[in-house]
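Below you'll find the structure, written out as structure tokens, and then a few comments.
The values are calculated or read from the model by the stated rules, or taken from the named source; none is laboratory data. What you see is a predicted model, and the numbers here were worked out from it, not measured in a lab. Reconstructed Cβ throughout: ideal geometry from the backbone, glycine too, with neighbour counts over all protein chains shown. Side chains are part of the model used for accessible areas, which takes the heavy atoms of the whole protein and leaves out ligands, DNA and RNA. Shrake-Rupley method; radii C 1.70, N 1.55, O 1.52, S 1.80 Å.
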Amino acid sequence: MNYRIPVALLTPLMAAGLSACGVIPTAAPPAEPPPSRAPAVPPSSPGPSPGGLDGRPALAESRSTLTPDLKVEVVGLNRVKGKHLVAQLRLSHTGTGEHIPWTGEMGDSTRPLGQIRWASGIGVLDERARAWILPYKPAGSPCLCSDQDRDDLGYFIDAGRSIDVYAVLPAPSGDPDTATVVTPLGPPMPDVPISDEPPVTPPGMNVPDPDAEPVTTVTRRLVTPSQSLDRTEETTDDGADLSVSLSSDVLFAVNKATLTGRARTILARTAKLIDASPGAAVRVAGHADSSGTDAINDPLSRRRAQAVRAALSPLVTRQGITFQAKGYGSRSPLYGNDTEEGKRRNRRVTVTFAKPRPAAPEPATASPAETPETPDESGLTGTATADGQPISLAVNGLRRLPGGLGLLTYTVTNEGDGEAWFNELHLAKDWMSFKYQAASNITLTDETARRAYLPGRLQVPTGDGVDSYCACTDVSGVRLATEKFGPGQSRRFWGLFELPADASARTVKIAGFKELQVPVR
């Protein structure tokens, strides 16, 4: 692919009012960056570590959960041609120990990469569209982003040094002024300002133009699940549609398709949601677990879907609604069928319709003392044990994001003098519904509405279904040691959740720690 021109050659072209074919026009960096960004490399430090001379101020920063000495800073977020986004990140080794690798931690685990050498995990969260946007994919490589080999970045970052990496991806919808930047390293970085000026790049960084060759857009649909505390239904929200999965164990007797007396109350709640929906179509889908055969499950799931449709239709008061009922047998499980809990949750009738419009939040009536501008989070702590070591929890905050989402961040620390694995973070009841293990053992509960909210899911279509990845800290693959804590070591974790507009606080339960009442910021 011959579409890159060194940044050094761009300046005379731009001065002449021209642009380099195949390269996004960029502006030159400051001639003399502050020397404080270039600490000396110890002579004995092995491995190449270019960079370290970038003095641009950080727009946002985060830390790697796996390698806390690895800091990631956003130093540029530029919208190009009104439709593309150039994200530039600075990765720094802030410790004094050995050099640390960066490529594995920056790789996107939701697609096959082959060799681990790309910064393919850089992305932005399009909250309103419920989309996790990743770098474009050209024909010849996994992503339109920094390549360790091609860009001569080296595999390691030495102590006190930095490297600059980039990614080119679609701009989020609606031309927002800010975006939430995401990486596989650590917690997302909200409210990063987007500039419509040409990106400023350091020497040697060549930013390709995605319009210069065929590229594929790579996005992951974000769905946010919740469930009633009585376990009668589960709901997933993808920003466009709401899917309400009603428990067949509550709606029907075993192997029957006749609705129980309790079913009408449950269906009445679903009917209210349909009445608040702007859509005219409602899909009713019956599902079974893996017990029995297709000859039994297919007709049973179809009859159950038809029974729900027949009972739900007269409960909906809005006119012009069309209902479609279909049975899928056991072919679309949400959970593993190897446990009784998984089978129970797979036995369901799912009602899908356009997401209801959010209700306007009511004006606050609490006194200033009850709703301080800066919530008191000093008591948001807990303790547990792992491998005989005392483990502590500190909730850093529950932050409201656009589009009805919330970002929870929390820190876990080994307070003991020995090494410990804290595996409880990934041992949620539905952990087998994810492609890989993640810190998904978190629940946010609305006690008033009697509803529990679970971590969001990034969905990737496959040939025979959909793989789900947790929208939370990954603890698998190259990040397998994320749940391993040395003496005194702290790690910061995160998760994305549905957060309705009227939410002022949530009861948060993380792994084996006690429940905490966490205010929304």
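About its Cα centre, how strong a charge dipole does the range 123-239 have in debye, to the nearest 20, once Lys and Arg get +1 and Asp and Glu get -1 at the Cβ?
Details: 8 positive and 21 negative charges, 68 e Å.
With Lys and Arg at +1 and Asp and Glu at -1, about 320 debye.
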Accessible-area value, residue 350, 1.4 Å probe, nucleic acids and ligands omitted, Å²: 20 Å²
Rounded to whole Hz, the Karplus (6.51, -1.76, 1.60) HN-Hα couplings of the range 438-448, x for glycine and proline: 8, 7, 9, 7, 9, 9, 10, 10, 9, 5, 5
Over the heavy atoms of residue 274, what accessible area does a 1.4 Å probe trace out, to the nearest 10 Å²? 0 Å²
Taking residue 256 as the anchor, which lysines have their alpha carbon closer than 24 Å to its alpha carbon, excluding any fewer than eight residues away along the same chain? 326, 343
Rounded to the nearest 10 degrees, what's the angle between the helix 294-312 long axis and the longest principal axis of the chain, both from Cα atoms, 0 to 90? 80 degrees
Whole-Hz ³J(HN,Hα) for each residue in the range 404-412, computed from phi via Karplus 6.51 cos²θ - 1.76 cosθ + 1.60 with θ = phi - 60°, x for glycine and proline: what do you get? x, 10, x, 10, 9, 10, 8, 10, 10
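With a 1.4 Å probe and all protein chains kept in place, how do 415, 105 rank by accessible area, largest first?
Working: 415 110, 105 15 Å².
So, going from the largest accessible area down, we get 415, 105.
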Any residue on another chain or 5+ positions along whose placed amide H is under 5 Å from the amide H of residue 27 is listed here as 200, 201
accessible surface per residue for the range 133-206, probe 1.4 Å, DNA/RNA/ligands not counted, whole Å² -> 32 Å²
Per DSSP H run of at least 4 residues, take -39500 (n - 2.57); add these up for the chain, divide by its residues and hand me the 222 nm value, nearest 500 deg cm²/dmol. -3000 deg cm²/dmol
Nearest 10 degrees is fine. How inclined is helix 263-275 to the longest principal axis of the chain, computing both from alpha carbons? 50 degrees
³J(HN,Hα) across the range 184-191 via Karplus (A = 6.51, B = -1.76, C = 1.60, θ = phi - 60°), whole Hz, x for Gly/Pro? x, 5, x, x, x, 10, x, 6
For residue 331, what charge total do you get from the other residues with a beta carbon under 14 Å from its beta carbon, if Lys and Arg give +1 and Asp and Glu give -1? 0
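Ignoring any ligand, DNA or RNA, what whole percent of the accessible area of the chain comes from carbon and sulfur when the probe is 1.4 angstrom? List each step's numbers first, then the result.
Working: 12210 of 23030 Å².
Exposed carbon and sulfur together represent 53 percent of the surface.
Please state the relative contact order of the range 192-261 as a whole percent: Cα pairs under 8 Å, 6+ residues apart?
Working: 47 pairs, mean separation 10.5, N = 70.
Taking the mean separation of contacting Cα pairs over the length of the range 192-261, I get 15 percent.
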Given the pairs 83/137; 429/484; 355/514; 272/509; 71/484; 137/509, which are separated by over 27 angstrom at their Cα positions? 355/514; 272/509; 137/509
Which label belongs to the value computed from this structure, given these candidates for Cα Rg over 2.2 N^0.38 Å: (1) 1.06; (2) 1.01; (3) 1.64? (1)
Using a 1.4 Å probe on the protein heavy atoms only, what accessible surface does residue 256 show? Give it in Å² to the nearest 10. 110 Å²
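Cβ under 9 Å from residue 82's Cβ, residue 82 left aside: what net charge do those residues give with Lys, Arg +1 and Asp, Glu -1? Each step should come with its number before you reach the end.
Values: positive: 79, 81, 83; negative: 175, 196.
Surrounding charge for residue 82 is +1.
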Which order do 435, 429, 355 take by accessible area at a 1.4 Å probe, largest first? 429, 435, 355
Once residue 400 and residue 338 are pulled to full extension, the length gained, defined as 0.36 nm per residue separation minus their Cα-Cα distance, is 18.7 nm
